[in-house]
Amino acid sequence: MAEPLFRRLALVGIGLIGSSVARIARERGDIAAEIVVNARTQKSLDRVMELGIADRVELDPARAVAGADCVMLCAPVGAFAALAEAIAPVLSPGAILTDVGSTKQSVIRDVGPLVPERVHFVPAHPLAGTEHSGPDAGFTTLFQGRWALITPPPGTDEAAIAKVEELWRRCGSMTRRMEPAHHDRVLAIVSHLPHLIAFTICGTADDLEAESRQAVLNFAASGFRDFTRIAASDPVMWRDIFLNNREALLEMLARFTEDAQAMARAVRWGDAAYIEDKVERGRKIRRSLIELKQA
Ligand code: NAP
């Protein structure tokens, strides 16, 4: 077995993502010699110990990260500023501070200025997830064959970036470096807008008068059912993502609204060719995803 990448990995937040990393690190043994976990509630920490996915748990984030050579923020992005403030004074010189947050410019804005000089800040985002949350939701194959995007600010220590890339490779991911603003625009269209649409369509269905709403639930065909799966995601996490990727999300929503209006116009005027063309483009995108093994 290869040498562990880190002596001590501290996971701040232990839901779907954090607990998947912990499970993989436990199973492989070559990611960290020791795993320390912090969460907001003692209940989650007790569960982590029951699951046996950490060596130690700490309710105080500063105690959890003290002495760690890698700290990974795995809480909702809206909590990052307060967490960074709490842990910054005790981060070890030479340590790597990384994260898994779904928005990257906001993380760099909120955490970057608080990072002590000799600590290496390497923001990252694994593109893998489910609609489930909490320490029980994680599993060891979550990141298998998925991308992990690394968005280091200019001037970040190359060795630190390489270590974070290696961590994600050992978790089963492929890695790619990306500029943070580009990341946020790409994620706005591939993830944040689809979630916004799913939450909205479920709200629309829920607003229908009682009789129609019951029929929607009884006869939900795969279209609506797929939206409800996406819409079952954690409200705090998604509130934080929307508020922290505001510009890119609003830009993509504006483009989508224009395109939806164009589709509405085609439906109204019976423009069969337009409708067919759009459906065909959808099918093409699906086929390319299957070919890229990302479906
Ligand atoms: P999750 O399952 O909801 O777990 C969140 C964890 O963060 C819990 O351990 C929670 O503690 C802790 N936490 C919540 N609020 C906190 C606060 N104010 N201070 C400290 N800790 C707090 O979340 P997740 O799905 O793993 O997502 C974690 C991060 O990964 C988010 O930033 C998200 O954007 C990103 N991400 C998510 C996905 C996805 O599909 N889920 C994919 C990629 C990246 P308690 O359990 O004690 O409440």
*Could you pull out every residue, at least 5 positions away or on a different chain, whose amide H is within less than 5 Å of the one on CYS70? Hs are placed 1.01 Å off N in the peptide plane, and Pro or chain starts have none.*
ARG8, ALA10, ILE96
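Can you tell me the relative contact order of the chain? Whole percent, Cα pairs under 8 Å, sequence separation 6 or more. Present the calculation step by step, with values, prior to reporting the outcome.
Working: 479 pairs, mean separation 46.8, N = 295.
It comes to 16 percent, rounded to a whole number.
What does the highest-first list of 255-262, 82-89 look like by mean Cβ count within 10 Å? Intermediate results must be reported in sequence, preceding the final value.
On the way: 255-262: 11.8, 82-89: 18.0.
Put in order of decreasing packing, that is 82-89, 255-262.
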*Tell me which residues come under 5 Å, amide H to amide H, from ALA32 once H is placed; ignore anything under 5 positions away on its chain.*
LEU5, PHE6
*Expressed as a rounded percentage, what relative contact order does the range 6-178 have, with Cα pairs under 8 Å and six or more residues apart?*
23 percent
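To the nearest 500 deg cm²/dmol, what mean residue ellipticity at 222 nm is calculated for the chain from DSSP H runs of n ≥ 4 alone, each contributing -39,500 (n - 2.57), summed and divided by the residues?
Values: 13 runs with 151 residues, N = 295.
Mean residue ellipticity at 222 nm (helix-derived): -15500 deg cm²/dmol.
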*Rounded to whole Hz and in sequence order, give me ³J(HN,Hα) for the range 195-202 from the Karplus expression 6.51 cos²θ - 1.76 cosθ + 1.60, θ = phi - 60°, writing x for Gly and Pro.*
5, 4, 5, 5, 4, 5, 5, 5
_J(HN,Hα) series, the range 15-25, from Karplus relation 6.51 cos²θ - 1.76 cosθ + 1.60, nearest Hz, glycine and proline x_ = x, 3, 6, x, 6, 5, 4, 4, 4, 5, 4
*What is the range 6-178 by shape, rounded, prolate or oblate, if you read a ≥ b ≥ c off the alpha carbon gyration tensor as root eigenvalues and call it rounded for a/c under 1.5, prolate for a/b larger than b/c, and oblate otherwise?*
rounded
*If the cut-off is a Cα-Cα distance under 28 Å, which lysines reach LYS284, setting aside same-chain residues fewer than 8 apart in sequence?*
LYS293
*Return the long-range amide H neighbours of ALA148 (sequence gap of 5 or more, or a different chain), with a cut-off of under 5 Å between placed amide H atoms.*
LEU127, MET174, THR175, ARG176
*Among bridges DSSP assigns within the chain, what percent are antiparallel (round to 5)?*
10 percent
*asked:* Output wanted: per-residue J couplings in Hz (rounded whole) for the range 246-263, from phi through Karplus 6.51 cos²θ - 1.76 cosθ + 1.60, θ = phi - 60°, x for Gly and Pro.
replied: 4, 4, 5, 5, 5, 5, 5, 5, 5, 5, 4, 4, 4, 5, 5, 5, 5, 5
*How high is the relative contact order of the range 182-291, in percent, counting Cα pairs under 8 Å that sit 6 or more residues apart?*
32 percent
*Return one number: the angle in degrees, 0 to 90 and rounded to the nearest 10, between the long axis of the Cα atoms of helix 272-291 and the longest principal axis of the Cα atoms of the chain.*
30 degrees
*In cubic angstrom, how much convex hull volume per residue do the alpha carbon atoms of the range 182-291 span?*
142 Å³
*asked:* Could you tell me the extents of the range 112-197's C-alpha atoms along the three principal axes, largest first, rounded to whole Å?
replied: 38, 28, 23
*How do 172-181, 133-142, 223-232, 203-212 rank on mean C-beta neighbours within 10 Å, highest first?*
133-142, 172-181, 223-232, 203-212
*Compute the distance in nm between two label points, each set 7 Å from the Cα along the Cα-to-Cβ direction, one at ARG255 and one at ARG283.*
2.5 nm
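No value in this document is a laboratory result; all are computed from the given coordinates. Worth saying up front: this structure is predicted, and the values here are computed from it rather than measured. For neighbour counting, all protein chains shown are included, and Cβ atoms are generated from backbone atoms with ideal geometry for every residue, glycine included.
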